[in-house]
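See structure below.
The values are calculated or read from the model by the stated rules, or taken from the named source; none is laboratory data. This structure is a prediction, so every number in the text was calculated from the model and none was measured. For neighbour counting, all protein chains shown are included, and Cβ atoms are generated from backbone atoms with ideal geometry for every residue, glycine included.
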Amino acid sequence: MKFTPEKYKIEDKPMTPFIDEQEIWDYLNTGESTTSQVRGVIKKAMNKQRLNLEEVAILVNAQQPELVEEIKEAARELKRRVYGNRIVLFAPLYVGNLCMNNCEYCGFKASNTKQKRKTLTKSELIQSVEALEENGQKRLILVYGEHKKYSPEFIAETVRTVYDVKVGNGEIRRVNINAAPLEIEGYRTVKEAGIGTYQVFQETYHRESYANVHLSGKKADYDYRLTSLDRAQEAGLDDVGIGALFGLYDWRFDMMALVRHTNHLEACYNVGPHTISFPRLQDALEYKVDDRYRVSDEDFVKMVAILRLAVPYTGMILTAREPHHIRKQVLEFGVSQIDAGTKIEMGAYAKKEGEKQNLEEEQFFINDDRSLGDVIDELIAQDYLPSFCTACYRRGRTGEHFMEFSVPGFIKRFCTPNAILTLAEYIMDYAKEDTAEKGWKLINRELARFEDEKTKQRVLDRIEAIKGGERDQYF
């Protein structure tokens, strides 16, 4: 019988589950894609049009090496057109690892008696933020275990504390959140504290696999988690991030489901997720997961490229879970944000150089522990433009108003200038001498590419202001 996808059309309604597993598998089971099919989908993606599930499945089912290379090359070019050569930098800061859930892959799970439980005091939180600012960080994501102690009021108070910390020219200008799903009023409470993006990852969208690894606690409720960001939107918090933990189920299914989640948010709220994350499973204390769905490096790179083509306008986050060589490779194919100088041990940023690391306070094991300075140095060497920009968030360019990718010339008028200015700040305040020298050369190359002399002069004027001691210059 011929596959007729129309019969699986689910009407998207706010606060209502939207994943139809059979729909996804029927798309994936249509067989190997032809050259003409793949090239037709690539052509649509290159016009910056979001792909539907059938088109994503065509890219997933492309097996010929030459077609996979065409997908990667298209993703590389699309990323260049949409983002230029900017890479946004941030750091995760773990506030507390108390947890009431039992997730088989996570070191924080309630049943793990080896886990050393800790919640940063206000003083310890301030010390951690000071250490991050002294290294040049401007953007943080605060991470919390899923526990009743970490209420919306607690989260809001930690956010306000972080924003209040100032060390020299250092300050945190954007605080994102990765925490348990909230009720509508809870989202309103954290929104009022001035947060950026609120992340909730479904981990896997496959119900049976989800149940197999989420044994107890609130997180065991698949539907409650699936509709968590609907509640955020209903609360007026329109800057949200979705993600899946790849390795819990077939990567093809979960990647398709991420696109379906994007479709759902756009259909119900006229705005998709601000970011998509795609961490791979990593070992952790008390790790108890069947490894049959582990994602190979080859498939992971292909997946990142397909995601970039599928959702041209969505930020894509790659974390320090991945080793250096993989991070370096997939930056080409669609990643727009990475963490750097990452430490996930509780209170680790405030520890002295050489002080012993305590793996019993970590959620999982990371694979890229390079410093922020080392990551910036490499990005510059590869002609990427490191960015700490927070302008869109503070100018109100979020949600439906986030026009970065639909307004012609936005990158040239706002994104690249703001990235240059944040890099100039970093060079003046934190960079080593050789990094500073390379950084100014990169800035000069970027300025030489400006076609609008008026914009170029405005950027130059702001650079001079930064050299003169002013900070936080942005468009």
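Annotations for the structure displayed:
- The stretch 435-475, residues that are part of a loop (DSSP other than H, G, I, E, B) and either touching a Ser or Thr at 6+ places or on another chain (Cβ under 6 Å) or under 20 Å from GLY136 (Cα atoms) (or both): GLY468, GLY469, GLU470, ARG471, ASP472, GLN473, TYR474
- Of the residues making up the stretch 455-475, those that are of a type in the set (Lys, Arg), surrounded by fewer than 18 Cβ atoms within 10 Å (Cβ to Cβ) and either closer than 19 Å to ALA431 by Cβ or more than 31 Å from the chain's Cα centre (by Cα) (or both) number 2.
- A single entry from GLY334, GLY315 fulfils the requirement of being buried (at least 23 other Cβ atoms within 10 Å of the Cβ), of a type in the set (Gly, Ala, Ser), at pLDDT below 95 and under 20 Å from ALA257 (Cα atoms): GLY334.
- Taken over the stretch 203-223, the criterion of being buried (at least 22 other Cβ atoms within 10 Å of the Cβ) and either among the polar types (S, T, N, Q) or in a loop (DSSP other than H, G, I, E, B) (or both) is satisfied by THR204, TYR205, HIS206.
- Hits in the stretch 258-297 (condition: aliphatic (A, V, I, L, M) and closer than 24 Å to ILE141 by Cα): LEU258, VAL259, LEU265, VAL271, ILE276, LEU281, ALA284, LEU285
- Qualifying residue in the stretch 224-239 (condition: at pLDDT 95 or above, aromatic (Phe, Trp, Tyr) and crowded, with 19+ Cβ neighbours inside 10 Å): no
- Test set (1) out of contact with any Phe, Trp or Tyr (no Cβ under 7 Å at 6 or more places or on another chain); (2) more than 29 Å from LEU309 (Cα to Cα); (3) surrounded by fewer than 19 Cβ atoms within 10 Å (Cβ to Cβ) - GLU70 fails condition number: (2)
- Answer residue from the stretch 138-193, given it is surrounded by fewer than 22 Cβ atoms within 10 Å (Cβ to Cβ) and among the small types (Gly, Ala, Ser) and is nearest to ASN97 (Cα to Cα) among those: SER151
- Taking the stretch 226-250 as the range and being within 27 Å of ASP291 (Cβ to Cβ) and of a type in the set (Ser, Thr, Tyr) as the test, only TYR249 passes.
- Matching entry among ASP297, ASP223, ASP230, ASP239 (being touching a Gly at 6+ places or on another chain (Cβ under 9 Å), assigned by TED's automatic domain parsing to the domain that holds LYS116 and of a type in the set (D, E, K, R)): ASP239
- Scanning the stretch 56-76 for residues that are farther than 30 Å from GLN137 by Cβ and either in contact (Cβ under 8 Å) with a residue 60 or more places away in the chain or in the same structural domain as THR319 (by TED's automatic domain parsing) (or both) returns VAL56, ALA57, LEU59, VAL60, VAL68, ILE71, LYS72, ALA74.
- Subset of the stretch 262-274 (residues that are among the hydrophobic types (A, V, I, L, M, F, W, C), in contact with a strand residue (DSSP E or B) (Cβ under 9 Å, 6 or more places away or on another chain) and either surrounded by fewer than 22 Cβ atoms within 10 Å (Cβ to Cβ) or modelled with pLDDT under 95 (or both)): VAL271
- Selection count where residues are in contact with a strand residue (DSSP E or B) (Cβ under 8 Å, 6 or more places away or on another chain), hydrophobic (A, V, I, L, M, F, W, C) and closer than 18 Å to GLN382 by Cα, scope the stretch 415-456: 4
- Those residues of the stretch 120-150 which are in contact with a Lys or Arg (Cβ under 7 Å, 6 or more places away or on another chain) and closer than 29 Å to GLY247 by Cβ, in sequence order: ARG139, GLU146
- Being buried (at least 17 other Cβ atoms within 10 Å of the Cβ) and touching a residue at least 12 places away in the same chain (Cβ under 8 Å) holds for only one residue in GLU124, GLU133, and it is GLU133.
- Residue satisfying all of: in the stretch 240-261; out of contact with any Ser or Thr (no Cβ under 7 Å at 6 or more places or on another chain) and aromatic (Phe, Trp, Tyr); surrounded by the most Cβ atoms within 10 Å (Cβ to Cβ) among these: PHE246
- MET15 meets each of the listed conditions (1) part of a helix (DSSP H, G or I); (2) closer than 27 Å to GLN233 by Cα; (3) aliphatic (A, V, I, L, M) apart from (1).
- Restricting the stretch 91-118 to residues that are closer than 27 Å to GLN337 by Cα and among the hydroxyl-bearing types (Ser, Thr, Tyr), the residue that is modelled with the highest pLDDT is TYR94.
- Residue pairs whose Cβ atoms lie under 8 Å apart, separated by 6 or more positions or on different chains, with the first residue in the stretch 285-307 and on the phi > 0 side of the Ramachandran plot and the second at pLDDT below 95 and in a loop (DSSP other than H, G, I, E, B), are GLU286/GLY107; GLU286/LYS109; GLU286/SER111; GLU286/ASN112; GLU286/LYS114; GLU286/GLN115.
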